[in-house]
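Beneath this line is the structure, given in structure tokens, with notes to follow.
Read-outs: derived from the displayed coordinates by stated rules, not from any lab. Everything quoted here is computed from the prediction, not taken from an experiment. Positions of Cβ are backbone-derived with ideal geometry, glycine not excepted, and every protein chain shown enters the neighbour counts.
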Amino acid sequence: MKRPIFLMIVLGILAIPVFTFPSSWQIDPDHSSIQFKVRHLTVSNVKGEFGKAKGAVLIDDQNITNLKVEISIDATSINTGHAKRDDHLRNPDFFDVARFPTITFISKKVMKAGPDQLKVVGDLTIRGVTREVTVDIEGPTQEVKDFSGNLRRGATGTAKINRRDFGITWNRTLDTGGLVVGDEVNINVEFELIKKN
């Protein structure tokens, strides 16, 4: 009589769903990148990156749409490989880093877009102007342990924005009728995340 009761208790315990709490992760700046590409003189693309960024990600593996992202980018760290151009990008014609030294992205909504594919909708703020942007995400990957025992995950993100939406309107017209700088900016991010204790 006792054995069936014991089995029923065990089966009842096994039937209880296992709940896990969302885990906190921080961006590893040494293994992450924020890059962009914009049309130049209508004939080629100029690529650049922001060398300094920090941020936090909250991941709920039971419901990935509960994902939360908050990123802060140092606008002064812009680098296109050309010092004179970088100085121009830092001045009021473009990012005006003296007044707006930080670019931020804060997620608001996350939707599944396929296996290991997400669409993250959030507020992007550049030059003090905030616009809603959708970022296509591949990941996050499964956890791996590095040689120091830290748990790590990764994700890749892409997005397109119009710089004029953020008040970055400087341009010049070429003799042929084209513009020096394109309006559409392609963004690519690679984030490696470290689990916070």
Need the C-alpha centroid separation for segment 31-88 versus segment 119-197, integer Å. 5
What is the extension gain from LEU41 to SER24, computed as 0.36 nm multiplied by their sequence separation minus the C-alpha to C-alpha distance, in nm to one decimal? 1.8 nm
Using 0.36 nm per residue, how much length does the chain from ARG85 to THR169 gain when fully extended, once their Cα-Cα distance is taken away? 28.6 nm
Folded to 0 to 90 degrees: helix 2-15 orientation relative to the chain principal axis, Cα: 10
Apply 1/(1 + (r/R0)^6) to the Cβ-Cβ distance of ASP183 and GLU49, taking R0 = 25 Å, and write down the FRET efficiency to the nearest 0.05. 0.80
Note down the nm distance, to one decimal, between modelled labels 7 Å out along Cα→Cβ at SER33 and at ALA113. 2.0
Expressed in µm² per second, the diffusion coefficient of segment 21-195 from the Stokes-Einstein equation, with Rh the Kirkwood radius over alpha carbon pairs, at 4 °C and 1.567 mPa s, is 75
Fully extended, how many nm does the chain gain between THR65 and THR130 (0.36 nm per residue separation, minus their Cα-Cα distance)? 21.1 nm
Please list, or write none, the lysines whose alpha carbon is within less than 27 Å of the alpha carbon of LYS52, excluding same-chain residues fewer than 8 places away. LYS37, LYS68, LYS84, LYS108, LYS109, LYS119, LYS145, LYS160, LYS195, LYS196
Can you compute 3J(HN,Hα) from phi for each residue in segment 138-146, using the Karplus curve 6.51 cos²θ - 1.76 cosθ + 1.60 with θ = phi - 60°, rounded to whole Hz and x for Gly and Pro? 10, x, x, 6, 6, 6, 10, 9, 7
Give the peptides 141-147, 29-35 in descending order of average Cβ contacts within 10 Å, highest first. 29-35, 141-147
For the residue pair PHE147 and ASN197, what label-to-label distance in nm results when each label sits 7 Å from Cα along the Cα-to-beta-carbon direction? 2.1
